[in-house]
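Student: The following block contains the structure, expressed as structure tokens.
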Amino acid sequence: MTVLAPPEVKTEPRRGRSIAERTRVRDAVLRRSLAGSDAIAVLLALVMVTALVDETTLVWPALLASPAAVLVGKIAGLYDHDALRLRRSSLDEVPILVTLTALLTLVVWLAGPGLTTAELTRWQVVGLWGGLVVFLGSGRFLVRALVRSTRAVERCILIGSLDARRRIEQSMSLRRDLELVDHFPMRGREGGRFSPMGAALRSAEPRLRRIAEEERIDRVILTISGIDEFDENLLDGIFALEQLGVKVSVVPQMLEVIGSAGELEDFDGLPVLGIRPFGLSRSSKLIKRGFDLAVAGTLVLLLSPVLAVLALLVRRSSPGPILYRQTRIGLEGEPFEMLKFRTMVDGAEAMQSEFVEQNATDGIFKIIDDPRATPLGRHLRRTSLDELPQLFCVLHGAMSLVGPRPLVPGEDAAVEAWRRRRLDVRPGMTGPWQVLVSTRLPLDEMVKMDYLYIATWSPWSDFLALVRTVPHVLGRRGL
């Protein structure tokens, strides 16, 4: 029999308006704020480019550009996605903003005399496009930051396995606008035609309604272990929660290793998910390698004084070599020597067996406060400066700036079956596993993230991973 464990509410609920009214108001405020920001951004960009040339001024039809841009944004879904997503990041919108602003710039250029007193120059057109990207992106970022700082956190309930709870809590711990209030773990299975999740929602719907109303729940997160769990009971439960005003997010666990790169199509009323072939094409590998060489080469040149100073400090801090060399498993299972500035006493590897009981993770040897670390080494680890010599590994071709975590041979031996496809690309200095504070993730979860990274790879995903690594380095959390 499938049952739900009794809830243990962690925080005091908010009182006031009904769930439906509160949801409607907060979503409407965000949509209108984003639309207003976009309208102002378009007008500012137009004023900026016309001010560059004395002979060029705007005429009144130019005022129509702002509402037209908002209409295009509405059609593109720029104002409706936030209500559906758990992570509301302005960075994720940059590709579509670049495309839409290019379209808007083209329209303004073609309209020319109808919007300005003189034809825009080539540099004005380029400036308009750049201004639109900067003003729109900055405005949307500021609006979301303001909304997050002024409204209450979104209170969530999770219905699913304990493993799913660990993953959700890990991600929510990095966000201030989400709170996991409660968890209903699934136990056992129920025979017949009902799936576990569908049967659970069917039997627990009255309790969920009561809890959602009393505890002011904003969102219910469901973890689905298979496509077969999408039955009528599950859909009825989702619709009942939506009618109450509670948002619903579904985590299909089957997609954890497929990702968002699948193509969903309507095949005569039948939804079909096309799965992209796993791995990077030859052209994608060339783009990724070119990006690695350009960025790593530039960083080595710019940071060469820093590297020299750090090398001197390591040499003077304690006896032993400047660089720590360790064998890791790289592309297609080939071993390579990974470089770091030495952060521990000389001979620390030989002492590892003495600290096995202090290991902080499952499968990967990691001690949170390693007694073998030198005082300078602790500082280098917190700031991730000890990782800088890996730039030479990137230039040599053994590593990439972004990629799967490079594992030592013992850890790699525990990775089996489809998970070994993570070795189809070069290991990275950083990756999604590091942004999610990898020291707290077990090996199996980390390897799954590596596989998902490859399945959904794009040049933009690498850029985002690098950008999201910066706050962790500046925040001295260590990678």
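The values are calculated or read from the model by the stated rules, or taken from the named source; none is laboratory data. Just so it is clear, the structure is predicted and the values come from calculations on it, not from any experiment. Don't worry about glycine lacking a Cβ; one is built from the backbone with ideal geometry, like all the others, and counts go over all protein chains shown.
Residue-wise test of (1) among the hydroxyl-bearing types (Ser, Thr, Tyr); (2) outside the structural domain of Asp92 (by TED's automatic domain parsing); (3) closer than 23 Å to Pro432 by Cβ; (4) at pLDDT 65 or above.
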residue	(1), (2), (3), (4)
Gly192	no, yes, no, no
Ala199	no, yes, no, no
Ser203	yes, yes, no, no
Ala240	no, yes, no, yes
Gly245	no, yes, no, yes
Glu263	no, yes, yes, yes
Asp266	no, yes, no, yes
Leu286	no, yes, yes, yes
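Student: Report yes if some residue within segment 30-50 is in contact with a helix residue (DSSP H, G or I) (Cβ under 8 Å, 6 or more places away or on another chain), polar (S, T, N, Q) and modelled with pLDDT of 85 or more; otherwise report no.
Tutor: yes
Student: Working only within segment 138-157, note down all residues that are assigned to a helix (DSSP H, G or I) and modelled with pLDDT of 85 or more.
Tutor: Ser138, Gly139, Arg140, Phe141, Leu142, Val143, Arg144, Ala145, Leu146, Val147
Student: Do you know which of the residues in segment 126-156 that are aliphatic (A, V, I, L, M) and touching a helix residue (DSSP H, G or I) at 6+ places or on another chain (Cβ under 7 Å) is farthest from Leu46 (Cα to Cα)?
Tutor: Among residues in segment 126-156 that are aliphatic (A, V, I, L, M) and touching a helix residue (DSSP H, G or I) at 6+ places or on another chain (Cβ under 7 Å), the one farthest from Leu46 (Cα to Cα) is Val147.
Student: Considering only segment 94-116, how many residues are buried (at least 19 other Cβ atoms within 10 Å of the Cβ) and under 16 Å from Ala35 (Cα atoms)?
Tutor: So the count comes out to 4.
Student: Given the criteria out of contact with any helix residue (DSSP H, G or I) (no Cβ under 6 Å at 6 or more places or on another chain), modelled with pLDDT under 80 and in a loop (DSSP other than H, G, I, E, B), does Pro271 qualify?
Tutor: Judged against the criteria, Pro271 is not a match.
Student: Separate question: Take residues that are at pLDDT 80 or above and tell me which of the helices (runs of 4 or more DSSP H) falling wholly in segment 416-479 contain 2 or more.
Tutor: 443-455, 459-474
Student: Let me ask something else. Would you check which residues across segment 146-170 are over 19 Å from Ala28 (Cβ atoms) and out of contact with any Lys or Arg (no Cβ under 8 Å at 6 or more places or on another chain) and list them?
Tutor: Listed by number, the residues that qualify are Ile159, Gly160, Ser161, Leu162, Asp163, Ala164, Arg165, Arg166, Arg167, Ile168, Glu169.
Student: Looking at (1) touching a helix residue (DSSP H, G or I) at 6+ places or on another chain (Cβ under 7 Å); (2) outside any helix (DSSP H, G or I); (3) at pLDDT below 90, can you tell me which one Met338 breaks?
Tutor: Checking Met338 against (1) touching a helix residue (DSSP H, G or I) at 6+ places or on another chain (Cβ under 7 Å); (2) outside any helix (DSSP H, G or I); (3) at pLDDT below 90, the one that fails is (3).
Student: Within segment 213-238, restricting attention to residues that are part of a loop (DSSP other than H, G, I, E, B) and more than 23 Å from Ala83 (Cβ to Cβ), which residue is modelled with the lowest pLDDT?
Tutor: Filtering segment 213-238 for residues that are part of a loop (DSSP other than H, G, I, E, B) and more than 23 Å from Ala83 (Cβ to Cβ), the one modelled with the lowest pLDDT comes out as Gly226.
Student: Considering segment 109-120 alone, what residues qualify as being touching a helix residue (DSSP H, G or I) at 6+ places or on another chain (Cβ under 9 Å) and not hydrophobic (A, V, I, L, M, F, W, C)?
Tutor: Across segment 109-120, the qualifying residues are Gly114, Thr116, Thr117, Glu119.
Student: Within the group Pro67, Pro95, Pro7, which residue is at pLDDT 85 or above and within 23 Å of Ser171 (Cβ to Cβ)?
Tutor: Pro95 is the lone residue from the list that is at pLDDT 85 or above and within 23 Å of Ser171 (Cβ to Cβ).
Student: Within segment 204-223, track down each residue that is out of contact with any helix residue (DSSP H, G or I) (no Cβ under 8 Å at 6 or more places or on another chain), in contact (Cβ under 8 Å) with a residue 40 or more places away in the chain and farther than 15 Å from His183 by Cα.
Tutor: Glu214, the sole residue that qualifies.
Student: Would you mind finding the one in Ala118, Ala83, Ala102 that is of a type in the set (Gly, Ala, Ser), outside any helix (DSSP H, G or I) and either closer than 30 Å to Thr50 by Cβ or not assigned by TED's automatic domain parsing to the domain that holds Ala28 (or both)?
Tutor: Testing whether each residue is of a type in the set (Gly, Ala, Ser), outside any helix (DSSP H, G or I) and either closer than 30 Å to Thr50 by Cβ or not assigned by TED's automatic domain parsing to the domain that holds Ala28 (or both) leaves just Ala118.
Student: Identify, from the list Gly297, Gly290, Gly320, the residue that is touching a residue at least 12 places away in the same chain (Cβ under 8 Å), part of a helix (DSSP H, G or I) and in the same structural domain as Glu387 (by TED's automatic domain parsing).
Tutor: On inspection, the qualifying residue turns out to be Gly297.
Student: Right, another one. Restricting attention to segment 64-86, and to residues there that are loosely packed, with under 13 Cβ neighbours inside 10 Å and over 14 Å from Ala35 (Cβ atoms), which single residue is farthest from the chain's Cα centre (by Cα)?
Tutor: Residue satisfying both the conditions and the ranking: Leu64.
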